[in-house]
Amino acid sequence: MSYTLDRKMPPAPADVSGPKPLDGGWGWMVVFGAHISIGFAYSTPKALSIFFKEIQEDLGASYSEIAWISSIMLAVMYAGGPVSSMLVSRFGSRPVVMMGGLMCGVSMVTASFGSSIVYLYLCIGIIGGWGLCFNLNASLTIISKYFLAKRPLANGLAMAGSPVFLCFLAPVNQFLLGHYGWRGSLLILGGMMLNCCVAGALMRPVAQPCDLRACAPPQEVKQTNNTKSSGSCMKNVKTFVDLSFFKDQGFIIYLVGNVMFIFGAYAPIVFLSAYAISLGVEEYSAAYLLSIMGFVDMFVRPGTGLIANSKWIRPRIQYLFSFAMVFNGTFHLLCPLMTTYTLLVAYAVFFGVGFGMVFALIFECLMDLMGSQRFPSAVGLVTIIECFPMLLGPPAAGFLVDVFGDYKYLFFMCGGVITTGGLFLFVMNVYNYNRLDRASRGDDAEQNQNTTENQEQVTPAGCTVGSAAQDDQ
Amino acid sequence: MQQPHRRRDRLTQRTEERTTMTAAWRQLPVLILLILAPCRTVSSKSVDPTTQPLVSIASQPTDTRSVVLQESVDQTTQTLVSIAPQPTDTRSFVLKGDTTFKNVELLNPVNLSLECVWTGSQNKQPSITGYWRKDGAEVQDSRVTVNLKEQQYNLTKVFSIASEENLGNYTCVFGNEFEMYFILGAPQMGEIRDKPIVSYVGDIVVLICKMDEKKPKPNTWTWYKFNGTDREEISAATDPHRYLTINDGWKTKLKVKNVSEADSGLYHCGAVYNISTSMTHVELKVITIMEPLKPFISILIEVIILVAAILIYERSRSKKKEAEANGPNAEPKNAQPQTEDNGGEKSSSVRQRKA
């Protein structure tokens, strides 16, 4: 843990007092399992759109009715965060991911027998969405439990599952569609999603301090500490959504920056091909742009994890995150200048780089802020709040396109929002870190003595030193 | 079958028009002049005895169009729309050499004047022999001697496109050196779906054919299914319980209820125009639920095996470790292994827990 002394923000209580994270060994199998799990979670809603045209013709529905399937799935996946966090804290990651995989499989299999749109909304949208939600949340949590020193790398590798699976599922879905039609394809896709159960089996549980019957005294102390966080065994039903997180300044800053990013992140993806076609690029080449972006994304995520792991960047990981956001936003702002196909390819490459960097760090930064003990509930809260910008972003962008008849305003809006978010994160983090630094310097002498004592107090703040400082303030 | 009916209609039409062909007779001198003008310089050197391309205008509808491959026009497809037979609406376009073919889409029977213009090869002979070919076979009485005029060779002929048999590939040949061709036909459907539509036994399937909305609207649509070499028309009339056709201008849908495996195969849809029907096909494949079930079951088995293997491996390792540690055990059922590298150091404090 010597590297942590260089950090401006010391780790949260659990990292110091809990069992030392493995940082290797079976942990890499867990990362592999998380890779599969997260991969299915992010790529399934997008990959399903390949079936939409056929389903539309067969069930006689309009395109917007069909598109709701993906939206409902994504919305439930994000909105179910708090429930998933609760289950993970109670039961651990393994049962939750296996349950999630089972639910996904069941959802697709039942959907393949569907004959109405509402039935598909229920099966794919709601049941499938819940399954993916369990997958996502639990996978992120177990990474935070298994890794500390190499956590950014582990996160980068696990999050890389999203573009990898998208690249893999898209042609597989096309192939299945041609041979089995949409019904058979959904059936087989359901079978493939059962592999999340395998991923869950890999997620061997780590020392869990949360066991009522067998809690030894030192853990009981932790439990009183946990009473206010939604991971508490005793109060898991009552504290469904833990509002005490909102008192943590670091959390609020992260949340605001994230909301701004998510609002502007997905619209360019949705409209990139349409924009390219409007510039005269032919349809096949326009679709190719998104593949380029996904391909670049695949390599950037682990790469960013590796960079973030280095000892120069790791203490300043929040700054890297804000840099990645500003990078992403700047290229969106520059996109309207890209009028030829070559320039659009360049834009797609840089978009992929920026997007991958942000997503590799997005949960790592939250783990960094919250620590592995509070991360499960924090991530649930973050995902349910992110649900709104994610659902509102593309339609708002589409509205801009309809009103102005020009795609450039879409890119200006998205780029502007993301860049502002990045700058906001940067500035506020500098301010916040400076404040905590000043406080920590004042308390340095007491720090070692107070580590265990702080655990007894209820500390909503993000770090031991900081909490001590804030108590004084 | 609709086509034989149409041919019969055209014959009756011709006989009627023979009596009222004032407009046609007015055109006749113009046309003859057009045709005869290049032929004036026909020399006796030409091999074929017949030199005059004759157009039997009298028996044709009054509509005349002239199409020439034109360089400046981007599209190689020309669609001629005629609502009713129009007199003397002759258009001419000029093509110079680069485009070697043109698609001409016709809706109605029409007299078509096709003109090819070629700038010649390096050694420009003063006159060469030109003739027309339809679908590979030389058109009778079409050989003429073409003279080099203003540095180009012009070969023109008026063809009477009365029915489907007149449609096809019309090639103008300049000596043995250069060829250009026109493809005459009804408007073709662009997007042909190469992948089959897959459906399941007992399901309802919808087959769709679409004509490009920029092209003229078909009069109606027909659906056929081939039984070997025979063509069998499908419509709501033939089997109302199973087939339902919904024709909607540029789009047609064939709804087949309660499909069975015998319904697999090619379904041909035809967009019916006055001149002819343009056809395209959609493939239907009907499979039973067993087909996708086989890969599904194999994946299910793979998942079960992997999960069992992982859990059994874990359990066997934890039992081994407990045997080695030789200490008090937690509930054997719930015993989960520690993180490997920790050994037994912290195990005492954290051993008892639930998975």
Quiz item: Taking the condition at pLDDT 85 or above, under 23 Å from A:P389 (Cβ atoms) and not aliphatic (A, V, I, L, M), does A:G80 pass?
Solution: yes
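Residues are listed down the side, and each one gets a yes or a no for (1) closer than 18 Å to A:G190 by Cβ; (2) within 15 Å of the chain's Cα centre (by Cα):
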site: A:S62; (1), (2): no, no
site: A:M77; (1), (2): yes, yes
site: A:S115; (1), (2): yes, no
site: A:L120; (1), (2): yes, no
site: A:S144; (1), (2): no, yes
site: A:A160; (1), (2): no, yes
Self-check item: For A:D23: the one exception among (1) more than 25 Å from B:E314 (Cα to Cα); (2) charged (D, E, K, R); (3) over 16 Å from the mean Cα position of the chain (by Cα)
Solution: (1)
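Wholly within the stretch B:172-213, which strands (runs of 3 or more DSSP E) include no fewer than the required count, namely at least 1 residues that are away from chain A (no Cβ under 14 Å), surrounded by fewer than 21 Cβ atoms within 10 Å (Cβ to Cβ) and aromatic (F, W, Y)? It would help to see each step written out before you state the result.
Working: elements: B:178-185, B:197-200, B:205-210.
Output list reads B:178-185.
Being of a type in the set (D, E, K, R) and within 27 Å of B:S298 (Cβ to Cβ), is that true of even one residue in the stretch A:168-184?
Filtering the stretch A:168-184 for residues of a type in the set (D, E, K, R) gives A:183.
Filter once more, so that each one left must be within 27 Å of B:S298 (Cβ to Cβ): A:183.
Among the residues of the stretch A:168-184, at least one is of a type in the set (D, E, K, R) and within 27 Å of B:S298 (Cβ to Cβ), which makes the answer yes.
Here's the yes/no breakdown for (1) in contact with a Leu (Cβ under 6 Å, 6 or more places away or on another chain); (2) part of a helix (DSSP H, G or I); (3) among the hydroxyl-bearing types (S, T, Y); (4) more than 10 Å from chain A (Cβ to nearest Cβ):
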position	(1), (2), (3), (4)
B:K285	no, no, no, no
B:S298	no, yes, yes, no
B:E302	no, yes, no, no
B:L311	no, yes, no, no
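Being at pLDDT below 80 and farther than 29 Å from B:P218 by Cβ: is that true of B:Q125 here?
Details: at pLDDT below 80: yes; farther than 29 Å from B:P218 by Cβ: yes.
Spelling it out, B:Q125 is indeed at pLDDT below 80 and farther than 29 Å from B:P218 by Cβ.
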Quiz prompt | Qualifying positions in the stretch B:287-296 - in a helix (DSSP H, G or I) and at the interface with chain A (Cβ under 8 Å from one of its Cβ atoms) | solution = B:E291, B:P292, B:L293, B:P295, B:F296
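Determine whether A:P95 is in a helix (DSSP H, G or I) and more than 17 Å from A:V382 (Cβ to Cβ).
Answer is yes for this residue.
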Quiz prompt | Scan of the stretch B:148-167 for residues that are assigned to a strand (DSSP E or B) and out of contact with any strand residue (DSSP E or B) (no Cβ under 6 Å at 6 or more places or on another chain), ordered by number | solution = B:K149
Exercise. Could you tell me which of the residues B:S121, B:S199, B:S142 is touching a helix residue (DSSP H, G or I) at 6+ places or on another chain (Cβ under 9 Å) and hydroxyl-bearing (S, T, Y)?
Key: B:S199
Exercise. For residues that are over 16 Å from B:L112 (Cα atoms) and of a type in the set (D, E), tally how many sit in the stretch B:145-187.
Key: 3
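Within the stretch A:139-180, track down each residue that is small (G, A, S) and in contact with an Asp or Glu (Cβ under 7 Å, 6 or more places away or on another chain). Give the derivation first.
Going residue by residue through the stretch A:139-180, those that are small (G, A, S) are A:139, A:144, A:149, A:154, A:156, A:158, A:160-162, A:170, A:178.
The one that is small (G, A, S) and in contact with an Asp or Glu (Cβ under 7 Å, 6 or more places away or on another chain): A:A149.
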Quiz prompt | Subset of the stretch A:167-193 that is facing chain B (nearest Cβ under 7 Å) and either of a type in the set (V, I, T) or within 11 Å of A:I36 (Cβ to Cβ) (or both) - its residue that is surrounded by the fewest Cβ atoms within 10 Å (Cβ to Cβ) | solution = A:M192
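Results for (1) closer than 22 Å to A:G161 by Cα; (2) aliphatic (A, V, I, L, M), shown as yes or no for each residue.
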residue: A:Y42; (1), (2): yes, no
residue: A:A47; (1), (2): yes, yes
residue: A:E65; (1), (2): no, no
residue: A:I72; (1), (2): yes, yes
residue: A:G81; (1), (2): yes, no
residue: A:S85; (1), (2): yes, no
residue: A:F91; (1), (2): no, no
residue: A:V109; (1), (2): no, yes
residue: A:F134; (1), (2): yes, no
Quiz item: In this structure, does A:R151 turn out to be of a type in the set (K, R) and within 13 Å of another protein chain (Cβ to nearest Cβ)?
Solution: no
Exercise. Only residues that are part of a strand (DSSP E or B) and surrounded by 12 or more Cβ atoms within 10 Å (Cβ to Cβ): list them for the stretch B:247-268, please.
Key: B:N247, B:K251, B:T252, B:K253, B:L254, B:K255, B:V256, B:G265, B:L266, B:Y267, B:H268
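The values are calculated or read from the model by the stated rules, or taken from the named source; none is laboratory data. Just so it is clear, the structure is predicted and the values come from calculations on it, not from any experiment. Ideal geometry is used to build each Cβ from the backbone, glycine not excepted, and the neighbour counts take in all protein chains shown.
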